[in-house]
Amino acid sequence: MNVIETKLKDCFIIEPAVYNDSRGYFFESFNRAGFERLTKQSGAFVQDNQSSSGYGVIRGLHFQQGEFAQAKLIRILEGKVLDVAVDLRKHSATYGQWIAEELSAENKRQLYVPRGFAHGFSVLSLNAVLLYKCDNVYDKNAEGGIRYDDPVLGIDWGIPVTQRILSEKDLHLPFVEL
């Protein structure tokens, strides 16, 4: 496993060691001891979530707050997405900054998003299946979010405006207050 630090403190790209041969490939998608040793983050995940979306779908930017805050380890089983993380930790040196990483079934990269971050993604392929591990359970009363098109953040989602598909809920999220 190769761990790449991003410009955001405690947010990492994880590249698994992939073994290819004439039959296909094999890789270890998660190893708690290796993850904790290389990232210095807890690998105590308690919930796995999976979503399927078509081209142009943008989900986010979402987060859980308070005692239900969640760290996530995201990977793609099918297709390709632009995965976005925004640091919302007020005392962080990277507060208000964001990164966007292309994750795909082909590149097998994963993104670790720590607690205190907003997360979202846009689907760049015809379809995409996303799987993510969470280190805390979901609680509807703890959910929050910020607008995907917040002008302060200026995120380029890689999808033309006329082809973006969002939920009503995501279209009515508040803008970020930095």
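The values are calculated or read from the model by the stated rules, or taken from the named source; none is laboratory data. From a predicted model like this one, the values you see are computed outputs, not experimental measurements. Because the Cβ atoms are built from the backbone with ideal geometry, glycine has one as well, and the counts that use them run over all protein chains shown.
Taking each residue of segment 140-167 that is among the hydroxyl-bearing types (S, T, Y) and looking for partners that are loosely packed, with under 15 Cβ neighbours inside 10 Å with beta-carbon atoms closer than 9 Å, six or more apart or interchain, yields Y148/L171. Candidates are the residues of segment 27-60 that are surrounded by 14 or more Cβ atoms within 10 Å (Cβ to Cβ) and hydrophobic (A, V, I, L, M, F, W, C); the one that is nearest to the chain's Cα centre (by Cα) is I58. The set of residues in segment 145-178 that are over 24 Å from R75 (Cβ atoms) and among the small types (G, A, S) contains only G154.
Just one residue in the set L124, L130, L82 is under 23 Å from F35 (Cβ atoms), crowded, with 18+ Cβ neighbours inside 10 Å and of a type outside the set (V, I, T); that residue is L130. Count, please, the residues in segment 1-29 that happen to be part of a strand (DSSP E or B), under 18 Å from S42 (Cα atoms) and among the β-branched types (V, I, T). The number of residues fulfilling the criteria is 4.
Tell me, which strands (runs of 3 or more DSSP E) wholly within segment 114-164 include 2 or more residues that are more than 17 Å from F63 (Cα to Cα) and at pLDDT 95 or above?
Details: elements: 117-123, 127-134, 143-145.
Qualifying strands (runs of 3 or more DSSP E): 127-134.
Do we find a residue being of a type in the set (D, E) and in contact with a Ser or Thr (Cβ under 7 Å, 6 or more places away or on another chain) anywhere in segment 68-81? Looking for residues that are of a type in the set (D, E) and in contact with a Ser or Thr (Cβ under 7 Å, 6 or more places away or on another chain), one finds none in segment 68-81, hence no. Count of segment 1-26 residues, restricted to those that are under 20 Å from the mean Cα position of the chain (by Cα), exposed (fewer than 15 other Cβ atoms within 10 Å of the Cβ) and not charged (D, E, K, R), is 2.
Only one of the listed residues (S51, S92) is out of contact with any Gly (no Cβ under 9 Å at 6 or more places or on another chain), touching a residue at least 60 places away in the same chain (Cβ under 8 Å) and hydroxyl-bearing (S, T, Y). That residue is S51.
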